[in-house]
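The values are calculated or read from the model by the stated rules, or taken from the named source; none is laboratory data. Quantities reported herein were computed from a predicted structural model and do not represent experimental measurements. Cβ sites come from the backbone with ideal geometry, for glycine too, and all protein chains shown count toward neighbours.
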Amino acid sequence: MTATVPEAAPNAAGPEREFTVESRSQTRMILRRFLQHRAAVISGVVLLLAILAALIGGRLWHYRYDDFLAVDQIDKPPSLSHPMGTTSAGRDVFAQVLRGAQKSVQIALTVALVSTTIGVLIGAFAGFYRGILDSLLMRFTDLFLIIPPLIFFAMLGRKFAGSGWFALALCLAALSWTSIARVVRGTFLSLREKEYVEAARALGASNKRIIFKHLLPNTVGPIIVNATITVAVAILVETSLSYLGLGVQAPDTSLGKLISDNQQSAATRPWLFYFPGLYIIVIALTVNFLGDGLRDAFDPTQRRVRA
Amino acid sequence: MLGFIIRRLLTSVFVLFLASILVFVAVSSLGDPLAELRANPRTPKSTIEAKKRELNLDKSVPQRYVIWLKDFGTGKLGNDNRGRPVYPQLKSAMELTLRMAIGATIIAAFLAVFVGVYSAVRQYSISDYIFTFLGFLFLSTPVFWLAGLLKLYGAIKINNFFNRQLVYTQGDSSPNFTGGFWARMGDYAGHTILPWIALALISFAAWSRYQRATMLDVLNSDYVRLARAKGLSNRRVLTRHALRNALIPLVTVMAIDIGAVFAGAVITETVFNWAGMGRLFIDALRGYESNVLLAWMMVTGVFVIVFNLAADLLYGVLDPRIRV
Amino acid sequence: MAGELLLEVTDLSVDFPSDDGVVHAVRGVSYGLSSGEVLAIVGESGSGKSVSCLALMGLLPKTARIQGSAVYRGTDLLSLKPKELNAYRGNRIAMIFQDPMTSLNPVYSVGWQLAEAVKAHHKDMSKSDAWTRAVDLLQLVNIPNPQSRAKNYPHEFSGGMRQRAVIAMAMANDPEVIIADEPTTALDVTVQAQVLETLETAQEETGAAMVLITHDLGVVAGVADRILVMYAGKPVEVSTVDEVFYNPKMPYTLGLLGSLPRLDTEEEMLTPIQGSPPSLVNLPPGCPFSPRCPLVADVCLETEPPLEVTSSADHLAACHRWRELEGDVDARDFFEATHVDAETTS
């Protein structure tokens, strides 16, 4: 049953000969996909600028938000020296907008950070251990589906009216963690059944190790995406509350409060009304684009064509 | 099926109950309803004491809650701090808000389906990019600012252009209106059009993104491919097969979002000065009116629960796999 | 079993743009299909077998670049616009897909979908006639209780039943060509036999020619008349079933046969083919099988072998060294059995 086997020496290198493209690490692939999304990258840059301007711009600009300008500078439309015009009380609008943006941005970033941390921890433990924690989480989420969180926000906002922006941010965060918790819970629920978790357990890994070393890294994508969305939602919620008078209170200002203060003059002195709103839109829009780009980078929906 | 409904109702009732406790505690700790009275140095102590007893403020918070619960259980919504019955206030406010929210939801749904489906079918075309951008834009726009913008351009400019007051920006209807049925309808329309647009644009943005994604998934599915392989016309494949499946998830999303629509309506009402649930809520908040706030919350909650249940049942009708 | 030549595919190529470059999924496929015959297209995942048939049916995404021709009774299917193609799809040429769990639309009853297939090409047929035909079709594929079953939804059918319903749908308008894309791959072995039987019934009832795409040579042995083996987007061997099984002229085919578990030999170890299929983006010159081929020589690394006539006129193979595979060849002589050195006891 043999046929002469010809010299097959050249094949000693056989299976190792690589026809394929270079292998890449996961992170590099994600980064590469993200960078291909021009809109997302541009948005990221613009967002960074907007946030930086909000946080430290006030200090750099040569007018302060509570400075009173000379009498002949009252009620002026935008010009070179006052890019966003002046108010009827004689203040520089640009400085005001920066100040308002600072509050709004501070609150939004704090909310995103705190609620994401809480949400990830609760979601992870709920998804992993199930049991009471899980049912509690589900009930909580139901609660917020039924009662618009705005109610609680409004009440908390009123309660802590004088306590400064950080307290407000914490209140908002305390009610915003449910969506990220659900996402993490969902991912954990599906991942914990995977074979590599079983394998890790068989090797004696403790639960904590499994959660932090194996499961969490796989949920980084949805977490990051959700965190960016939270920033956008937080800024819209905070400005809405401030608009209604239930958020940031005088003497502090927020973009929402600026809009509320100036809505009557929208027809006659549009610069007072437009700029704060545009700032909100710029931040929320760039955050949304960024989040979209991140979502695509982490999980591109490819059309599979089976050969 | 019946079991499903009952189970859902029970959980929802439980959650509502829980929420009522939370809200009651929150409202009670908000502030003192008698603050105004106390601030006035001329109010005799007896009046304050009488009012205190009237509002049950001499009892502890848990006791007050139980009192409220008993009243609520028997269908009594009670009176507000000034002695006016809550129910009529709630009723008229609810009517206005529903008018705004439901109209806006219907408009938003139609827009979302149209834009979502169109964008999916013409994926990566210019219109797709434009719609996507618009969607993101409206998602990122605060509703009160958009409303303000609409007031400027939708109302003032249009009214100037036609030299008549066609579009209104204040209230839900003109006070002291005289005129026939159609004139009255026109008046309502003129008052409602801007709020509807404001609310609809925001909701539509989120839903159309979702609809586009769903439609894309469906268009790439095996059964749509089989439908094409059967030689069916493109129109039939799109409508009978793709759309029929792609509309189903939207039902769930709309149901989940109903809370957000309501919140948006609340804000929009303040911009356009409607005497709806928004105004009621804010006034009640300022006056520490626990009865009003609780009734408000319960009614809203019940509404959302019923709506969600209806959506679930509708889902079962639309998708044979879900029929319990 | 050859009748008239129904379908002639010439130099079919399909390219897809992707993040990494252009994917050459199909690189020049040619074959003929005569009425009544069963042609099996065999290959690993990524060999291009499904894509080439999807191209015929116009079911590839818009980004695909298709070249070549596929002439069915005088008309080049690849040149038709989708509207024109609709007259052929589901009518003269029908297709069955791999995953029965997702092939059927979940919101319509099975009978409704069958009736729809019929009415699509018989515009004047009444609803009740179409329904009757649907029930008849279910009967033909051995679905028990077809009258009531027709009203069921797909999720109430088992996987095998769903696939049979899909086959019924393909039969509905008496096609001349049925393309079956891995119809049994997603099913349990016991159900596979049922489905294959149903395919045979479909063939008998309609007299259609069949293109059977699969990676399972065992399935092929009992059903096919001719085999076309594909590798890296190109056909590497084409001949009758007997010739391919007993007289392969391409080492890849030999390897495929060797990796089949056999009950009629004493050997316990399988002889798999080492390595994996190449990327279709960066194909270097030469034969794409060379990294894994036990017969590789310098010429193989330089020029890609053309598909040419070998031992007989109807046996084509793409291998520079096909002559070395003369006589009774066995895979174990060329491919190493796993974990065991080349010494084998005879």
* To do: Mind listing just one residue for me: the one in the stretch C:226-253 that is aliphatic (A, V, I, L, M), closer than 19 Å to residue C:314 by Cβ and touching a Leu at 6+ places or on another chain (Cβ under 8 Å) and, of those, modelled with the lowest pLDDT?
  => C:250
* To do: Name the helices (runs of 4 or more DSSP H) wholly inside the stretch C:203-267 in which the number of residues that are crowded, with 19+ Cβ neighbours inside 10 Å and touching a residue at least 12 places away in the same chain (Cβ under 8 Å) is 3 or more.
  => C:217-223, C:251-258
* Those residues that are farther than 19 Å from residue A:101 by Cα, in contact (Cβ under 8 Å) with a residue 40 or more places away in the chain and facing chain B (nearest Cβ under 8 Å), I need them from the stretch A:262-290; list them, please. => A:289
* part of a helix (DSSP H, G or I), within 16 Å of the chain's Cα centre (by Cα) and more than 14 Å from chain C (Cβ to nearest Cβ) - does that describe any residue in the stretch B:212-231? -> no
* Structure fact -> (1) in contact with a Gly (Cβ under 9 Å, 6 or more places away or on another chain); (2) more than 10 Å from chain B (Cβ to nearest Cβ); (3) not in a helix (DSSP H, G or I) all hold for residue A:228 apart from (3)
* Mind listing whichever residues of the stretch A:83-131 are at positive phi and in a helix (DSSP H, G or I)? => A:131
* Quick one: is residue C:277 surrounded by fewer than 23 Cβ atoms within 10 Å (Cβ to Cβ), in contact (Cβ under 8 Å) with a residue 24 or more places away in the chain and within 13 Å of chain A (Cβ to nearest Cβ)? -> yes
* Asked: Do we have residue B:200 as more than 12 Å from every other protein chain (Cβ to nearest Cβ), within 26 Å of residue B:302 (Cα to Cα) and under 16 Å from the mean Cα position of the chain (by Cα) here?
  -> yes
* Within the stretch C:162-184, is even one residue under 20 Å from residue C:57 (Cβ atoms), in contact (Cβ under 8 Å) with a residue 60 or more places away in the chain and among the hydroxyl-bearing types (Ser, Thr, Tyr)? -> no
* Asked: Within the group C:58, C:32, C:68, which residue is over 23 Å from residue C:174 (Cβ atoms), surrounded by fewer than 23 Cβ atoms within 10 Å (Cβ to Cβ), more than 13 Å from chain A (Cβ to nearest Cβ) and in contact with a Leu (Cβ under 6 Å, 6 or more places away or on another chain)?
  -> C:68
* Structure fact -> Selection from the stretch B:251-307 of residues facing chain A (nearest Cβ under 9 Å), free of Cβ contacts under 8 Å to residues at least 24 places away in the same chain and not hydrophobic (A, V, I, L, M, F, W, C) yields B:286
* Confirm whether residue B:43 is assigned to a helix (DSSP H, G or I) and either surrounded by fewer than 13 Cβ atoms within 10 Å (Cβ to Cβ) or β-branched (Val, Ile, Thr) (or both). => no
* Can you name the residue in the stretch A:291-307 that is within 26 Å of residue A:169 (Cβ to Cβ) and within 11 Å of chain B (Cβ to nearest Cβ) and, of all such residues, is modelled with the lowest pLDDT? -> A:295
* **residue C:145 being free of Cβ contacts under 8 Å to residues at least 40 places away in the same chain and in the same structural domain as residue C:36 (by TED's automatic domain parsing)** => yes
* List the pairs whose first member sits in the stretch A:73-88 and is under 16 Å from residue A:266 (Cβ atoms) and touching a residue at least 24 places away in the same chain (Cβ under 8 Å), whose second member is among the polar types (S, T, N, Q) and surrounded by 15 or more Cβ atoms within 10 Å (Cβ to Cβ), and whose Cβ atoms are under 9 Å apart, counting only residues at least 6 apart or on separate chains? -> A:75/A:86; A:75/A:87; A:77/A:86; A:84/A:96; A:87/A:96; A:87/A:262; A:88/A:265
* Can you name the condition, by its number, that residue B:137 falls short on among (1) modelled with pLDDT under 90; (2) over 22 Å from residue B:262 (Cβ atoms); (3) surrounded by 13 or more Cβ atoms within 10 Å (Cβ to Cβ)? -> (1)
* Structure fact -> Going through the stretch A:189-210 in order, the residues found to be surrounded by 13 or more Cβ atoms within 10 Å (Cβ to Cβ) and of a type in the set (Gly, Ala, Ser) are A:200, A:205
* To do: Kindly indicate which of B:209, B:236, B:184 is among the basic types (Lys, Arg) and within 30 Å of residue C:175 (Cα to Cα).
  => B:236
* Count - residues of the stretch A:144-159 that are touching a residue at least 60 places away in the same chain (Cβ under 8 Å) and facing chain B (nearest Cβ under 7 Å) -> 3
* residue B:239 passes all but one of (1) of a type in the set (Ser, Thr, Tyr); (2) without any contact (Cβ under 8 Å) to a residue 12 or more places away in the chain; (3) facing another protein chain (nearest Cβ under 10 Å); which number fails? -> (3)
* Of all residues in the stretch C:227-280, which are closer than 16 Å to residue C:27 by Cα, touching a helix residue (DSSP H, G or I) at 6+ places or on another chain (Cβ under 9 Å) and not hydrophobic (A, V, I, L, M, F, W, C)? -> C:231, C:233, C:237, C:277, C:278
* **Residue pairs meeting the criteria (Cβ under 7 Å; at least 6 apart or on separate chains; first over 15 Å from residue C:91 (Cα atoms), in the stretch C:115-135; second among the polar types (S, T, N, Q) and in a helix (DSSP H, G or I))** => C:135/C:147
* Structure fact -> Of the residues in the stretch B:52-82, those that are assigned to a helix (DSSP H, G or I) and crowded, with 17+ Cβ neighbours inside 10 Å come to B:64, B:65, B:68
* the stretch A:171-218: number of residues that are assigned to a helix (DSSP H, G or I) and of a type in the set (Asp, Glu) -> 2
* To do: Determine whether the stretch B:93-107 contains at least one residue that is more than 22 Å from the chain's Cα centre (by Cα) and free of Cβ contacts under 8 Å to residues at least 60 places away in the same chain.
  => no
* Asked: Is it fair to say residue A:34 is within 14 Å of another protein chain (Cβ to nearest Cβ) and either closer than 24 Å to residue A:259 by Cβ or at pLDDT 80 or above (or both)?
  -> yes
* Structure fact -> Checking C:123, C:119, C:151 in turn, the sole residue that is part of a helix (DSSP H, G or I) and either buried (at least 18 other Cβ atoms within 10 Å of the Cβ) or more than 8 Å from chain B (Cβ to nearest Cβ) (or both) turns out to be C:119
* To do: Report, by residue number, each residue of the stretch C:86-113 that is of a type in the set (Phe, Trp, Tyr) and outside any loop (DSSP other than H, G, I, E, B).
  => C:112
* Test: residue C:83 is of a type in the set (Lys, Arg) and in a loop (DSSP other than H, G, I, E, B) -> no
